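First up is the structure itself, then whatever we jot down about it.
What follows is calculated from the coordinates using simple rules that are stated; it is not laboratory data. What you see is a predicted model, and the numbers here were worked out from it, not measured in a lab. Ideal geometry is used to build each Cβ from the backbone, glycine not excepted, and the neighbour counts take in all protein chains shown.
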Amino acid sequence: MRASHTYTIRPKWHLFFLKAANHIFRMQISQSPKTKAIFLDKDGTLIRDLPYNADPALVVFEAGVFEGLRTLQAQGYQLAIISNQPGLAMGKFTSPDLDKLIQFFNRTFQENELELAGFYYCPHAPAELGFSCACRKPEPGMLVRAAEELHIDLQQSWMIGDILNDVEAGNRAGCRTVLIGNGNETEWLTGPFRDPVFTASNFLEAATYISTQKETTDA
């Protein structure tokens, strides 16, 4: 059963309905062993970074992405997108625009023999614009929510991103992390959660590295 879960700006009654609609699904998966996942940054990792774009016609996937994702999916990883989308709060695009983009990602994954387990996004503007939230990366909120809803073992999971905020979010959530060193990280701010396990030159290298790593064990 496929399910897509998102952070959205919608009335509370909609969120209640969403929770009710997924109640049986969550009960079913809670009785089975937890799975592992690959958490994927979107812009600059899966696709070329075009700021504030919500137009599917302008989306260009990075080379090797689908091959790498198929390798990881074949090893039992669920695939979930974890994306900051401040353009919503800043008025760059609308919720219906983003919904169409999410549908595009679902279709594109299916066309490439992939299953997108979830598309999680933070709709909030950066904290310096006057609001601070628990979901915007480098906060780990989206990963924690995905783990709860998709029944994921964070210790057995990975976060792949192109900047250190992705790395920090993954590390703080309890995942292992890979940074794609494609030049998109320009600040290089250091901190206790900002060191990746591995730095890859592209997505396929990142997927290949993860595919060779053993699962972690409890101390």
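For the stretch 12-211, the C-alpha radius of gyration sits at 0.98 times the compact-globule guess of 2.2 N^0.38 Å, with N the residue count.
Rounded to the nearest 0.05, the FRET efficiency derived from the C-beta distance between Met90 and Thr190 at R0 = 25 Å is 0.35. So which of Lys36/Lys137; Lys100/Lys214; Lys36/Lys92 end up more than 31 Å apart by C-alpha? Pairs exceeding the cut-off: Lys100/Lys214; Lys36/Lys92.
Packing here is the average count of other Cβ atoms within 10 Å per residue, and on that basis the peptides 160-173, 110-123, highest first, run 160-173, 110-123.
For the stretch 66-190, the residue among Gln155, Ser95, Thr186 whose Cα projects farthest onto the positive side of the dipole built from Cβ charges is Ser95.
Counting every other Cβ atom within 10 Å of each residue's Cβ, Arg70, Arg194, Arg136 order from fewest to most as Arg70, Arg194, Arg136. Charged neighbours of Gly76, selected by a Cβ distance under 13 Å, balance to 0 (K, R count +1; D, E count -1). Highest mean packing comes first when the peptides 87-93, 181-187 are listed by Cβ atoms within 10 Å, giving 87-93, 181-187. The stretch between Ser132 and Asn112 holds 3.5 nm of extra length on full extension. This uses 0.36 nm per residue minus the Cα-Cα distance.
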